[in-house]
1. Using a simple charge model, +1 on the beta-carbon of Lys and Arg, -1 on the beta-carbon of Asp and Glu, nothing else, what dipole does segment 52-166 show about its Cα centre, in debye to the nearest 20?
2. Compute the angle between helix 192-204 and the longest alpha-carbon principal axis of the chain, please, reported from 0 to 90 degrees and rounded to the nearest 10.
3. Pull out a ≥ b ≥ c, the square roots of the eigenvalues of the alpha-carbon gyration tensor of segment 52-166, then state rounded if a/c is under 1.5, prolate if not and a/b is larger than b/c, and oblate in the remaining case.
4. Could you check what % of the DSSP bridge pairs in segment 52-166 are antiparallel, to the nearest 5?
5. Just tell me which lysines come within less than 24 Å, Cα to Cα, of residue 156; anything on the same chain fewer than 8 places away is out.
6. Give the cross-link partners of residue 20 among the aspartates and glutamates, using a straight C-alpha distance below 16 Å as the criterion and excluding same-chain residues fewer than 8 apart.
7. Name the long-range amide H neighbours of residue 65: under 5 Å, sequence gap of 5 or more, or other chain; modelled H, no Pro or chain starts.
8. For residue 125 and residue 173, what is the calculated FRET efficiency with R₀ set at 51 Å and r taken between the beta-carbons, to the nearest 0.05?
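FYI, it's all coordinate maths here, none of it is from the lab. None of the values given here were measured: they were computed from a predicted structure. Here the Cβ is made from the backbone with ideal geometry for all residues, glycine too, and neighbour counts use every protein chain on show.
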Amino acid sequence: MPRGGQAWGYAHGQWFEAVKLLLTRPREQAEALAIKLRARDIDVWIEPMLSIIPHTNVKLETHDYQALLVTSSNGADSLAEATTRRDLKLYVVGDVTAATLSHHGFADVWSADGNVDDLAAMVEKDVDPSEGSLLHVGGVYLAGDLVSRLRSSGYKTRHVALYHTVAASTLTQEARCAMANKEIDGVLFFSPGTARIFVALVSGALCEKALVDMTAFCLSEAVAKAANRASWGHLVVSDRPAAASLIAAVMAAQ
């Protein structure tokens with residue numbers, strides 16, 4: 001059996017060196033993703049770039065709206081906590097968010113399978129503004145300007161913040177050592193925000209040189225643009241903005 005600090009796996013009668021990835025999602029989401037990756041013999045290091053702080057005092061009056069808009073998995077998780085209703089009509093930005101909502105029991109979920117502009121276009125195509133108002137649920141700070149665009153298209157649209165995020169202020173000592181010792185093969189990024197935070201923390205810790213031996217796996221072009229502020233050994237962009245596609249990209253890169 002092989003020895004040493006690197007992780008190893010066993011398949012088809014032989015030992016092989018296992019890939020180790022650093023996960024930057026909020027801890028609960030990272031732990032769920034870690035289960036899927038470990039099932040594929042991929043080792044993980046969880047290093048959340050964001051902490052999610054729910055707003056527990058929000059009273060969500062969902063009956064006042066014909067549909068709700070959700071633009072992140074964090075928004076999906078927060079919505080599930082904020083209401084017991086599961087019959088809501090939901091328009092969401094992509095398949096990752098749609099899958100999170102389905103996991104929570106929501107059935108009437110429509111995915112734009114893209115970005116905020118794709119979501120706005122889908123709403124403008126499928127939703128009659130005369131049928132009622134729209135509610136966007138999410139965090140305090142938003143990517144894109146979905147509410148303003150829909151308002152300019154004649155929709156009565158409101159945003160309610162169900163949570164706020166707190167960015168990590170430093171990389172853990174353990175993560176810095178793992179990177180310096182070339183124990184991390186790649187980093188998974190699901191949002192531009194987490195990519196920007198990670199790159200900034202790596203720079204602040206003077207760990208940039210470690211990235212030349214690592215791969216940035218990015219959910220979309222927008223995420224890749226944020227991650228590409230640093231010099232990576234490789235930059236891989238998922239074919240579609242879905243967790244399954246990003247995992248497939250990881251597997252294909254081995």
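1. Result for segment 52-166 is approximately 320 debye, rounded to the nearest 20.
2. Helix 192-204 sits at roughly 40 degrees to that axis.
3. rounded
4. Working: 3 of 20 bridges.
Antiparallel bridges make up about 15 percent of those DSSP assigns within segment 52-166.
5. Those lysines meeting the cut-off are 59, 89, 125.
6. 31, 41, 43, 47, 174, 183, 185, 213
7. So residue 65 has HN proximity to no qualifying residue.
8. 0.50
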